[in-house]
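First comes the structure, then the notes that go with it.
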Amino acid sequence: MLPVIVNFLGWTGAACCTLGYLLVSTRMIDSNSWKYQMLNALGGIFLVTSALYNHDAPNTVANGLWALIGLTSLCRLFLFQSFKKSNHQ
């Protein structure tokens, strides 16, 4: 059962990253939006899960960095929004 779950997560991760790229490339979402960064972060995390399970070190590192960039960008977006809200009150 675990291989099926890991395989599903891997394909879902690939879909998230590809969908994010498609939406930004067609200007349906902005690259600075939380939606784009969330797709990248989740996609990277899911792909790392699959790569770790399959003992694929290069993809683990590449997708780990991808997820880290997405998570860092999400944190910056939410911190900036919180900072803007606290300064306008």
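Coordinate-derived values only; no laboratory data. This structure is a prediction, so every number in the text was calculated from the model and none was measured. Heads up, the Cβs are rebuilt from the backbone with ideal geometry, glycines too, and the neighbour counts pull from every protein chain shown.
Please list 3J(HN,Hα) in residue order for the range 70-78, calculated via the Karplus relation 6.51 cos²θ - 1.76 cosθ + 1.60 where θ = phi - 60°; whole Hz, with x for glycine and proline.
x, 5, 5, 5, 4, 4, 4, 4, 5
What is the Cα radius of gyration of the chain over 2.2 N^0.38 Å, N being its residue count?
Compared with the compact-globule rule of thumb, the chain sits at 1.24.
As an exercise, use a Förster radius of 30 Å and the Cβ-Cβ distance of Ala57 and Ser25 to find the FRET efficiency, rounded to the nearest 0.05.
Plugging the Cβ-Cβ distance into 1/(1 + (r/R0)^6) gives 0.50.
At most 12 other Cβ atoms within 10 Å and a DSSP loop assignment: could you name the trypsin sites (Lys or Arg not before Pro) in the range 15-89 that fit?
Counting only loop positions with at most 12 other Cβ atoms within 10 Å, the trypsin sites (Lys or Arg not before Pro) in the range 15-89 are Arg27.
Over the chain, what is the relative contact order in percent, taking alpha-carbon pairs closer than 8 angstrom and at least six residues apart?
29
Given the rule -39500 (n - 2.57) for each run of at least 4 DSSP H residues, summed and divided by the residues of the chain, what is its mean residue ellipticity at 222 nm, to the nearest 500 deg cm²/dmol?
It comes out at -30500 deg cm²/dmol, rounded to the nearest 500.
Treating the angle as unsigned and between 0 and 90°, give the value, to the nearest 10°, between the Cα long axis of helix 34-53 and the longest Cα principal axis of the chain.
20
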